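None of the figures in this text is laboratory data; all of them are computed from the coordinates on show. Computed from a predicted model, the values in this text were never measured in an experiment. Every residue, glycine among them, receives a Cβ derived from its backbone with ideal geometry; neighbour counts consider all protein chains shown.
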Amino acid sequence: MKTFHKYKPHYSDNLKLAIPVVISQLGHTLVQTSDIIIVGHFAGTVALAAVSLGSSLFSVLLLIGIGISYGSTPLIAQSNGRDDHQECGQLLSNSLFINVITGVLLFAIVSAGAIYWLDYLHQAPEVARQAKPFLLLLALSLIPMLVFNTFKQFAEGLGFTKQAMLISIWGNILNICLGIIFVKGLFGITPMGVRGVGYSTLIDRSVMSIVMSFYVFRSAHFKKYLQSFSLKNIDRIRSLKILRIGVPVALQYTFEIGAFSGAAVIIGAIGYVELAAHQVAINLASITYMMSSGLAAAAAIKSGNYFGAKDHQNLRTSALSSYHIVLVFMFATALLFTFGNHLLPWIYTSDNKVILIAAQLLIIAAFFQLFDGGQVVGLGILRGMGDVNIPTIITFIAYWVIGLPVGYWLGIYLKVGVTGVWYGLTLGLMASAIMLFVRFQIVSKRHRYKTAIIVAKD
């Protein structure tokens, strides 16, 4: 009971900050989820496999962009912890510049050649053909999405999280409505198939970016911070500070999600039914992952505030409370996946073959939920403290030295199939969660020890 009272204030503070962030983060995944459901029910299994392939490859680009945009949040949280309002506005100027350039570059990579790689991934020809225009539209939507994320991360770094949540909710409603209209061809529009959900996503993200930026510039909450916001304040030093955090975070996401995207390519070589089932199961798992990443984003903000204020005792207590929250949440989702493994896939498709395989994968997903939640919150806490380089190495080892090679060995070489690939990914998540928690213990205790020495000297 004494332990509970120790953490209780932090449970309350972290949840108050985290819940809107969780819902906002969920918006990224729900865009993809609604695309999959609409295509799965209205366009067929081949189209669903095309969305799976395009979404899997796009998720790498998406998380590179999100990771780089996260580079500003710990810096803003730390500056706000020091009451340095001018620095927060200057960081926003540099963050907007970096994120727009990142979005343009990622779109250029896809349009200049990435879509042509689909022909060399040993996928069914019709699946690859339908995936190309879908992937191109998703890549274009990165530019407005990163503008939205610039202002979202700025507001959240200052503790204002509800507005991005509301914009994400309404954005997803718009995406669903437009997706159904475009895919089915309602109101006289020619049915667009897979391309339809690509257009709906692009329009949705463009509207969200406009509304989020309008909110930040018009709200009285940010006036004292925006006095130093100007394109004239874009400078090399602050841009590099953002990139020193953002690039490693982008690599962390790339190593993890890239492994899952690589798994999709491996599974696609097994068969398109298996690939469709993988997309259903991985999308359900990605929903819980993105919700956990919302908890991680909140943990990064709180640890950044405490780190900036040099309050290392509360930093550790707050961080551990975030671990407690995410483990309880992921245990609940594990139960949901276990007992709803045959029901949940039906939301996406009525193909019994796909449902049967997806149900098996959801049992594996239930097993790795705690590991997935633990590793993403660990990354968030360390990011808030400015510790990003060693965690990046950890994620590379966990997914590309352990997870994906073991998955390929089991799934292809030993012919275990799609479940073998997922066993390898589970092993990677477990390795990542354990190593990141050990890293947190080392770093947090080291900072607390240094602070104690400084206090003793004074």
Eligible lysines near residue 8 by straight Cα distance, threshold 24 Å, same-chain separation 8 or greater: 16, 162, 302, 310, 445
What percent does the relative contact order of region 256-372 come to when contacts are Cα pairs within less than 8 Å and at least six residues apart? 32 percent
Which whole-number percentage describes the relative contact order of the chain, with Cα contacts under 8 Å and a sequence gap of 6 or more? 23 percent
Using Cα positions and a limit of under 18 Å, work out the lysines in reach of residue 224, with same-chain residues fewer than 8 apart set aside. 152, 232
Arranged from highest to lowest average of other beta-carbon atoms within 10 Å per residue, in what order do the peptides 251-258, 202-209, 83-90 appear? 251-258, 202-209, 83-90
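Output the direction-averaged projected area (hull surface divided by four) of the convex hull of the alpha-carbon atoms of region 223-357, in nm².
12.4 nm²
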Over the chain, what lengths in whole Å, largest first, do the semi-axes of the equivalent ellipsoid take, defined as the square roots of 5 times the eigenvalues of the alpha-carbon gyration tensor? 36, 26, 19
Based on the mean of other Cβ atoms within 10 Å per residue, sort peptides 371-381, 171-181, 417-427 so the most packed one is first. 371-381, 417-427, 171-181
Applying the span-like rule to the chain (DSSP H, Cα extent along axis at least 20 Å, Kyte-Doolittle mean at least 1.6) gives 45-69
Going highest first, how would you order 323-329, 438-444 by mean Cβ packing within 10 Å? 323-329, 438-444
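Below 8 Å, C-alpha to C-alpha, sequence gap of six or more: please give me the relative contact order for region 145-285 in percent.
Here the relative contact order equals 20 percent.
Assign unit charges at the C-beta atoms only (+1 for Lys and Arg, -1 for Asp and Glu), then state the dipole size of region 253-404 relative to its Cα centre in Debye, rounded to the nearest 20.
280 debye
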For residue 415, the lysines lying under 30 Å Cα to Cα, once residues fewer than eight places off in the same chain are dropped, come out as 132, 353
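Based on DSSP H runs of at least 4 residues, each adding -39500 (n - 2.57), what is the mean residue ellipticity at 222 nm of the chain after dividing by all its residues, to the nearest 500 deg cm²/dmol?
-29000 deg cm²/dmol
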